[in-house]
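Undergrad: Structure in structure tokens, see below.
The values are calculated or read from the model by the stated rules, or taken from the named source; none is laboratory data. Remember, it's a predicted structure, so these values are computed and weren't measured experimentally. Neighbour counts run over all protein chains shown; Cβ positions are idealised from the backbone, glycine included.
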Amino acid sequence: MTSRYAIAVLPFTNMSPDRENEYFSDGISEEILNALSRIEGLQVTARTSSFAFRNMNMDVREIGRKLDVSLVLEGSIRKSGNTVRITAQLVKTSDGYHRWSETWDRELRDIFIIQDEIASSIAERINKDLVPERKAGAGQSLESLDALDHYLRANYLLHTWDFSQGKNMIAGFEKALEIDPHFTRAYVGMCHCYTWLGSTGHIHPEEALRKVEHNIGKILSLDPGAADVYELIAGKNFWIEWDVGLALQNIERALELKPSFSDALSSRGLFLAAAGRVEEALDNLFRAQRLNPLSDQVNYTIGLIYNFTGEHQKSLEYIERNIEISPGWDAQYLARLESLCSLERYEEALEVIRMVEGNPDSPLSAVQMKAWYHASRGEAREAITLATMLEKELEMEPVKSAPSFYFLGSIFMLLENYQRALEFL
């Protein structure tokens with residue numbers, strides 16, 4: 001049953017004369033979404049899922065059904081010089097009728113004050129008990145409109161997840177901070193950039209870690225109550241320091257500050273799985289999925305956990321669902337290969353390998369996938385020959401190949417050569 005406190009924020013329509021101002025309307029829509037996410041008792045759909053309906057001429061009742069929400073916030077933004085007009089409308093998904101609407105005409109420097117006013121107005125109309133207390137330092141006027149512009153442009157690029165724009169993202173956040181060194185959101189953006197680029201090998205992991213730690217320190221000095229910083233610290237605890245207990249402590253703090261934080265719920269699920277608390281892990285991931293049903297990350301993680309617990313059919317169902325949502329995410333084809341081999345559906349596994357071989361733009365290694373395939377079938381000679389080839393490939397560029405080292409270890413685990421497996425894991 002859909003909760004009457006479940007809401008999705010659709011990307012507000014850009015009504016500015018300059019059609020390229022979409023980065024601005026998207027950024028402000030996300031800020032309103034984040035303000036709502038901090039209100040305890042509200043279930044706020046994450047950006048990934050709600051923004052998937054951009055430019056779709058879809059009935060709000062259908063959107064409500066797909067996202068399992070009872071309310072949708074939609075609206076428009078018109079930016080003109082140093083002023084902004086925001087119109088917001090709260091719509092019931094049961095019948096499509098407007099429940100509330102309001103318009104704000106303000107100076108652009110007050111944009112973060114407006115977002116908190118919108119969030120409070122919506123909470124009050126849903127249930128007066130949900131109205132948030134004003135947080136010290138929240139909703140302050142901006143020191144510089146130029147800093148805001150650089151930040152919103154960089155954040156817009158970040159959400160394209162386009163590696164070719166990595167330098168432009170960082171340059172945009174850096175420019176915002178050069179103008180306004182107290183702009184906490186820009187430090188958060190820098191952390192996300194360096195975490196993403198470092199974990200994917202586009203920046204050396206040690207350099208990325210130094211940058212992330214520096215920016216985390218800045219955030220904590222400016223706003224120790226920012227939920228995002230505790231999620232970032234938890235990620236560092238888990239991925240770099242391998243301190244699962246400390247990671248769980250920090251992710252709990254993030255969720256205290258921002259209850260509808262689907263990324264934090266997903267991370268807590270992953271951390272709990274690493275601690276062997278599988279049922280709790282899945283419970284958190286299903287809650288994250290409730291807030292972000294179209295998230296490829298959440299579905300992928302659920303599929304991985306089912307694979308680790310030996311429930312390969314369930315794993316395959318989630319991975320295949322994820323491929324429908326995000327067919328361009330390459331890592332999930334490795335997960336699909338694993339599940340198919342575990343289910344002894346070898347002909348389908350070969351089809352996955354052929355698909356990779358037929359795509360010259362795929363970053364996946366067909367050698368790696370074939371080695372897994374043969375190891376799964378117990379064909380040691382073929383698997384070891386391919387694993388040796390893969391090992392030589394990895395020696396040429398080890399920084400970008402951490403997932404493949406894991407795969408090599410797993411291949412030798414399948415062959416029950418545990419000593420060799422430990423060399424790679």
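Undergrad: Condition test on Val91, is it without any contact (Cβ under 8 Å) to a residue 60 or more places away in the chain, assigned to a strand (DSSP E or B) and touching a helix residue (DSSP H, G or I) at 6+ places or on another chain (Cβ under 8 Å)?
TA: When the stated conditions are applied, Val91 passes them.
Undergrad: Give Leu257, Leu272, Leu291, Leu282 a once-over and let me know the one that is under 22 Å from Trp161 (Cβ atoms), of a type in the set (A, V, I, L, M) and modelled with pLDDT of 90 or more.
TA: Leu291
Undergrad: Out of the range 25-47, which residues are over 13 Å from Ser260 (Cβ atoms) and touching a Ser or Thr at 6+ places or on another chain (Cβ under 8 Å)?
TA: Selection gives Ser25 alone.
Undergrad: Look at the range 31-46 and say how many of its residues are touching a strand residue (DSSP E or B) at 6+ places or on another chain (Cβ under 8 Å) and of a type outside the set (Val, Ile, Thr).
TA: 5
Undergrad: Next question, about the same structure. Looking for something modelled with pLDDT of 90 or more, of a type in the set (S, T, N, Q), surrounded by fewer than 17 Cβ atoms within 10 Å (Cβ to Cβ) and more than 22 Å from Trp161 (Cβ to Cβ) - is there at least one such residue anywhere in the range 50-70?
TA: No; the residues of the range 50-70 include none that is modelled with pLDDT of 90 or more, of a type in the set (S, T, N, Q), surrounded by fewer than 17 Cβ atoms within 10 Å (Cβ to Cβ) and more than 22 Å from Trp161 (Cβ to Cβ).
Undergrad: Residue by residue through the range 259-283, note down the ones that are more than 15 Å from the chain's Cα centre (by Cα), within 24 Å of Leu33 (Cα to Cα) and crowded, with 18+ Cβ neighbours inside 10 Å.
TA: Pro259, the sole residue that qualifies.
Undergrad: Further, regarding this structure: What helices (runs of 4 or more DSSP H) completely inside the range 338-425 contain at least 1 residues that are touching a residue at least 60 places away in the same chain (Cβ under 8 Å) and under 28 Å from the mean Cα position of the chain (by Cα)?
TA: Counting at least 1 such residues, we get 402-414.
Undergrad: Among the residues of the range 157-194, count how many are closer than 18 Å to Ala227 by Cβ and basic (Lys, Arg).
TA: Total satisfying the criteria: 1.
Undergrad: In this structure, is Arg345 surrounded by fewer than 19 Cβ atoms within 10 Å (Cβ to Cβ), basic (Lys, Arg), farther than 26 Å from Ile411 by Cβ and modelled with pLDDT of 95 or more?
TA: no
Undergrad: Is it the case that some residue within the range 196-208 is assigned to a helix (DSSP H, G or I), surrounded by 21 or more Cβ atoms within 10 Å (Cβ to Cβ) and more than 17 Å from the chain's Cα centre (by Cα)?
TA: yes
Undergrad: Now for a separate question. Being farther than 23 Å from Tyr156 by Cβ, part of a helix (DSSP H, G or I) and either of a type in the set (Asp, Glu) or in contact with a Lys or Arg (Cβ under 7 Å, 6 or more places away or on another chain) (or both), is that true of even one residue in the range 217-228?
TA: No: zero hits.
Undergrad: So Arg78 ticks every box in (1) out of contact with any Ser or Thr (no Cβ under 8 Å at 6 or more places or on another chain); (2) touching a residue at least 60 places away in the same chain (Cβ under 8 Å); (3) charged (D, E, K, R) but one. Which box is left unticked?
TA: Of everything listed in (1) out of contact with any Ser or Thr (no Cβ under 8 Å at 6 or more places or on another chain); (2) touching a residue at least 60 places away in the same chain (Cβ under 8 Å); (3) charged (D, E, K, R), Arg78 misses just condition (1).
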